[in-house]
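Trainee: Just passing along the structure, written as structure tokens.
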Amino acid sequence: MSRLTFAPPLSPIEPVTETLHGVPITDPYRWLEDQNSPETRTWIEEQTCYARTYLDNIPGRDEIRKRIREFLAIETYDSLQRSGNRYFFRKRLPDREQPCIYMREGPDGKDQLLVDPAERGEGIHTAVRPLRVSPDGRLLLYEIKEGGERTGTFALLDVESRRTLSDILPRGYLRGFAFMPEGKSFLYVHEALDSNRPLRHVAYRHALGTDFLEDEEVYSPGDGLQTRLCLIANRSRVGFLTYRFEDKTHIDFRLESLDGKTGREQILANADFRFGPVLAGERLFAITDRDAPNLRIVELRTTTNGPREWFEVIPESEARIQQWLIAGDRILVSYLQRESTEIRIFDLDGKPAGRVDCSSDRTVRVAGGSMEDGEVFFETESFTQPITIARFRPATGEQDIWSARRIPFDSASFSHTRVHFPSKDGTSIPMYLVGRHDVLAEGPHPTIMTSYGGYGIPMTPQFSVLVAFLIEKGCLFALPNIRGGSELGTAWHEAARRRNRQTAYDDFLSAAEWLIETGRTAADTLAIFGGSNSGLLVGAAMTQRPDLFRAVLLMVPMLDMLRYHLFDGARVWKEEFGTAEDPEDFSALLQYSPYHRIRDGVEYPATMIVSGDADQNCNPLHARKMTARLQVANASGHRVFLDYSRFRGHSPVLPLTERIEALTDRMAFLCDQLGLPTCAEGGLSCSS
């Protein structure tokens, strides 16, 4: 296991002190927030050299890379959509750098290439994805991304001629888009990056072939940093959703006909509850938490003279609704029942009409459907089986496989079990344990652990190449269902939201303690990993209890919780985390903010921090500042280093060769730190 052979690069300290609610806060690396300054760019180059000196010399890298390629260089399908008899989707051939957009005439037709990003001649970091298809299947809206950026450029393809039209929305955020029924124009809400009025929120109507400067302004709720406008539409109506991200999120919803024959109808004004509308013919349905914390589905019906009346179609249940979809004359509703997905089918009046058969050890997601004839697409996966896409017809209950990812992985050699452990406050927390049969039978074993704990997002069985590679090496994988998710309903989320965030971290730390106390692993063979909000979780855990972990993998994380809301669009997460502008939020944030919890002279675990310039969700300043601060403070002799790329961001669109190299780096780091055998050292075969 590698320890420091030379010191990390020098990170100059330029302290900036400000007083927040009477508390002086000193930031030694504020200068690293400026991504494009010469000082920051030089620092990144030095950090990259330091990281490569270690990563490139870990024994067994070639064998690790070979196995990772076997996992990743496979045929994949995703982003499936349908219009009439035409199916549009994204497919990547096994050795292609990026997926292309294809079409089939009918479900069993030949795959016809529509858009190949390589033909743009802009390099291997250009990625494309289908977004919308016109009702007649003649036009396709698709997104173009460069690297992992959150923004994109949005183009229209004439499907018959395979020609991209001149009507291109420039790089920015597309908040809503709808083809008009006559096929000659579209509605859109677009926030361009280079706009001279970036805080102006407007829905426009654009006629194909005209200059965007001539577009008709259809609706605007006004300007503002904390406002966001979105739109939904079907063939006859358009709805405008306005979100105002204040102390609570408030919503306005207005509805009007596309032909202009009926005026604009105000459905909601300043609502402080969740409201997700769907237009089904002339009917208006919505999912809401109004009087229903675990969500319910309602229909808003017109009355003679007054406002629309709310009629409950599918009531709240003990299990929280995870997804819902209207397909034809059926409503499909997905619930998470403890540890398995359940999908119930209802008619449009809420009467039960059947169920979808779901395996108890698999995650099932509703991936799309046809409002015309009710055809639905599901994605299913498990800890040991990668994603399969299936077609389902509610009227008959028939299912067939659209595509299945073929990965050389001996799934029969692995299994999972479900355990419970007590958290710090005595609450019983469920946890998945995954591994070879002999690893699950007894310990101790090297162990990797992650979780999420935020936004009400549940952690369910999913296939991860990182996990699959490590459990092949004899690792145990632990996935605790900590509070902050919604595995046990909305109350599970609320228990760790905003000022209660520490509850999620207590659950995660209690999971680590339980694994050690029960003899399943030891602190010097326990690694944790996570990205985005999970990166925040892992950062909080390692700074609060560094003694519990041997290695930490922090990917595109958020770590400076006193300033996170000042960058990109992160202010909209106020309801989840709070902000330092509020004195009570500030107190809670300061207690757990990983960047501010670092202490000089503490022995921290070996830490690999992953980020890049293109991240517009969790700004890479978090990773840069955390690296600098940890390197100075760390007294353990274990490496702390930054794996940084100009193209890396929050979107998983890096080309195949870079994905293989990136995952090879992470696996080499974890194998080195946990003492796992490489193939060259007599471990498991690199071929299956």
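The values are calculated or read from the model by the stated rules, or taken from the named source; none is laboratory data. In this text the structure is predicted, and so the values were computed from the model without any measurement. Here the Cβ is made from the backbone with ideal geometry for all residues, glycine too, and neighbour counts use every protein chain on show.
Trainee: Could you list all residues from segment 523-546 that are farther than 21 Å from Ile429 by Cβ and not β-branched (Val, Ile, Thr)?
Mentor: Hits for segment 523-546 are Asp524, Gly531, Ser532, Pro546.
Trainee: Got at least one residue in segment 544-558 being touching a helix residue (DSSP H, G or I) at 6+ places or on another chain (Cβ under 8 Å), at negative phi, of a type in the set (Val, Ile, Thr) and buried (at least 22 other Cβ atoms within 10 Å of the Cβ)?
Mentor: yes
Trainee: So, one more: Only one of Leu258, Leu241, Leu225, Leu231 is over 30 Å from Phe577 (Cβ atoms) and of a type in the set (A, V, I, L, M, F, W, C); which?
Mentor: Residue meeting the stated conditions: Leu258.
Trainee: Go through segment 634-672 and report how many residues are among the small types (Gly, Ala, Ser), within 20 Å of the chain's Cα centre (by Cα) and crowded, with 20+ Cβ neighbours inside 10 Å.
Mentor: Applying the first criterion (among the small types (Gly, Ala, Ser)) to segment 634-672 yields 635-637, 645, 649, 651, 662, 668.
From what's left, within 20 Å of the chain's Cα centre (by Cα): 645, 649, 651, 662.
Among the residues that remain, those that are also crowded, with 20+ Cβ neighbours inside 10 Å are: 645, 649, 651.
Final tally of qualifying residues: 3.
Trainee: Something else about it: Give the residue, chosen from Ile528, Ile471, Ile482, Ile448, that is over 22 Å from the mean Cα position of the chain (by Cα) and modelled with pLDDT of 95 or more.
Mentor: Result: Ile471 is the single residue among Ile528, Ile471, Ile482, Ile448 that is over 22 Å from the mean Cα position of the chain (by Cα) and modelled with pLDDT of 95 or more.
Trainee: Just give me the residues in segment 111-123 being in a helix (DSSP H, G or I) and within 13 Å of Arg163 (Cα to Cα), in sequence order.
Mentor: Passing the criteria: Glu119, Arg120.
Trainee: A further question on this structure: When only residues in segment 380-407 that are modelled with pLDDT under 90 and buried (at least 17 other Cβ atoms within 10 Å of the Cβ) count, which is nearest to Pro94 (Cα to Cα)?
Mentor: So, considering only residues that are modelled with pLDDT under 90 and buried (at least 17 other Cβ atoms within 10 Å of the Cβ), the one nearest to Pro94 (Cα to Cα) is Arg393.
Trainee: Thr396 - would you say it is of a type in the set (S, T, N, Q) and closer than 30 Å to Leu284 by Cβ?
Mentor: Judged against the criteria, Thr396 is a match.
Trainee: Moving on to the next point. Hey, could you check segment 202-256 for residues that are exposed (fewer than 14 other Cβ atoms within 10 Å of the Cβ) and touching a helix residue (DSSP H, G or I) at 6+ places or on another chain (Cβ under 9 Å) and say which is nearest to Ile168 (Cα to Cα)?
Mentor: Leu225
Trainee: Quick one: what pairs do we get from segment 24-51, first residue without any contact (Cβ under 8 Å) to a residue 24 or more places away in the chain, second loosely packed, with under 13 Cβ neighbours inside 10 Å and in a helix (DSSP H, G or I), C-beta under 9 Å, 6+ apart or different chains?
Mentor: Pairs that qualify, where the first residue is without any contact (Cβ under 8 Å) to a residue 24 or more places away in the chain and the partner is loosely packed, with under 13 Cβ neighbours inside 10 Å and in a helix (DSSP H, G or I), are Trp31/Glu39.
Trainee: Which count do you get for residues in segment 232-252 that are assigned to a loop (DSSP other than H, G, I, E, B) and more than 25 Å from Arg283 (Cβ to Cβ)?
Mentor: So the answer is 3.
Trainee: I'd like the full set of residues that are surrounded by 22 or more Cβ atoms within 10 Å (Cβ to Cβ) and assigned to a loop (DSSP other than H, G, I, E, B), limited to segment 581-595.
Mentor: Selection gives Ser593 alone.
Trainee: Mind checking whether some residue in segment 614-626 is closer than 21 Å to Leu548 by Cβ and not basic (Lys, Arg)?
Mentor: Looking through segment 614-626, at least one residue is closer than 21 Å to Leu548 by Cβ and not basic (Lys, Arg).
Trainee: I've got another one for you. Applying the selection to segment 1-30, what residues are surrounded by 14 or more Cβ atoms within 10 Å (Cβ to Cβ), more than 29 Å from the chain's Cα centre (by Cα) and not polar (S, T, N, Q)?
Mentor: Listed by number, the residues that qualify are Leu4, Pro8, Pro9, Leu20, His21, Ile25, Asp27, Pro28.
Trainee: Then there is this: Of a type in the set (D, E, K, R) and within 26 Å of the chain's Cα centre (by Cα): is that true of Arg418 in this structure?
Mentor: So Arg418 fits the description; yes.
Trainee: A further question on this structure: Residues that are in contact with a helix residue (DSSP H, G or I) (Cβ under 8 Å, 6 or more places away or on another chain), outside any helix (DSSP H, G or I) and among the small types (Gly, Ala, Ser): does segment 608-617 have at least one?
Mentor: Within segment 608-617, one or more residues are in contact with a helix residue (DSSP H, G or I) (Cβ under 8 Å, 6 or more places away or on another chain), outside any helix (DSSP H, G or I) and among the small types (Gly, Ala, Ser).
Trainee: Does Glu39 meet the test of being among the charged types (D, E, K, R), loosely packed, with under 13 Cβ neighbours inside 10 Å, touching a Leu at 6+ places or on another chain (Cβ under 9 Å) and assigned by TED's automatic domain parsing to the domain that holds Gly612?
Mentor: Yes; evaluated as a whole, the condition is true for this residue.
Trainee: Name the residue that is nearest to Leu72 (Cα to Cα), counting only residues in segment 90-117 that are of a type in the set (A, V, I, L, M, F, W, C) and buried (at least 16 other Cβ atoms within 10 Å of the Cβ).
Mentor: Among residues in segment 90-117 that are of a type in the set (A, V, I, L, M, F, W, C) and buried (at least 16 other Cβ atoms within 10 Å of the Cβ), the one nearest to Leu72 (Cα to Cα) is Cys100.
Trainee: Looking at the structure I just gave you, is Asp108 part of a loop (DSSP other than H, G, I, E, B) and free of Cβ contacts under 8 Å to residues at least 24 places away in the same chain?
Mentor: Yes: the conditions hold for Asp108.
Trainee: Something else about it: In the set Arg104, Arg150, which member is touching a strand residue (DSSP E or B) at 6+ places or on another chain (Cβ under 9 Å), farther than 16 Å from Val653 by Cβ and among the basic types (Lys, Arg)?
Mentor: Going through Arg104, Arg150 in turn, the sole match is Arg104.
Trainee: Criterion first (under 29 Å from Leu515 (Cα atoms), within 18 Å of the chain's Cα centre (by Cα), in contact (Cβ under 8 Å) with a residue 60 or more places away in the chain and part of a loop (DSSP other than H, G, I, E, B)) does Leu554 satisfy it?
Mentor: Values: under 29 Å from Leu515 (Cα atoms): yes; within 18 Å of the chain's Cα centre (by Cα): yes; in contact (Cβ under 8 Å) with a residue 60 or more places away in the chain: yes; part of a loop (DSSP other than H, G, I, E, B): no.
Considered against the rule, which asks whether it is under 29 Å from Leu515 (Cα atoms), within 18 Å of the chain's Cα centre (by Cα), in contact (Cβ under 8 Å) with a residue 60 or more places away in the chain and part of a loop (DSSP other than H, G, I, E, B), Leu554 comes out as no.
Trainee: Residue by residue through segment 234-257, note down the ones that are more than 25 Å from the chain's Cα centre (by Cα) and over 22 Å from Pro307 (Cβ atoms).
Mentor: The answer is Arg235, and nothing else.
Trainee: A further question follows. From the set of residues in segment 631-679 that are touching a helix residue (DSSP H, G or I) at 6+ places or on another chain (Cβ under 7 Å) and of a type in the set (S, T, N, Q), which is modelled with the lowest pLDDT?
Mentor: This residue is Thr678.
To keep it simple, each residue is scored yes or no on (1) surrounded by 15 or more Cβ atoms within 10 Å (Cβ to Cβ); (2) modelled with pLDDT under 95.
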site: Gly263; (1), (2): no, yes
site: Ala280; (1), (2): yes, yes
site: Asp289; (1), (2): yes, no
site: Leu295; (1), (2): yes, no
site: Glu299; (1), (2): yes, no
site: Asn305; (1), (2): no, yes
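Trainee: Of the residues that make up segment 290-297, is at least one more than 21 Å from Glu372 (Cα to Cα) and either assigned to a strand (DSSP E or B) or among the hydroxyl-bearing types (Ser, Thr, Tyr) (or both)?
Mentor: yes
Trainee: Within segment 208-224, track down each residue that is of a type in the set (A, V, I, L, M) and farther than 16 Å from Gly176 by Cα.
Mentor: Leu208, Leu213
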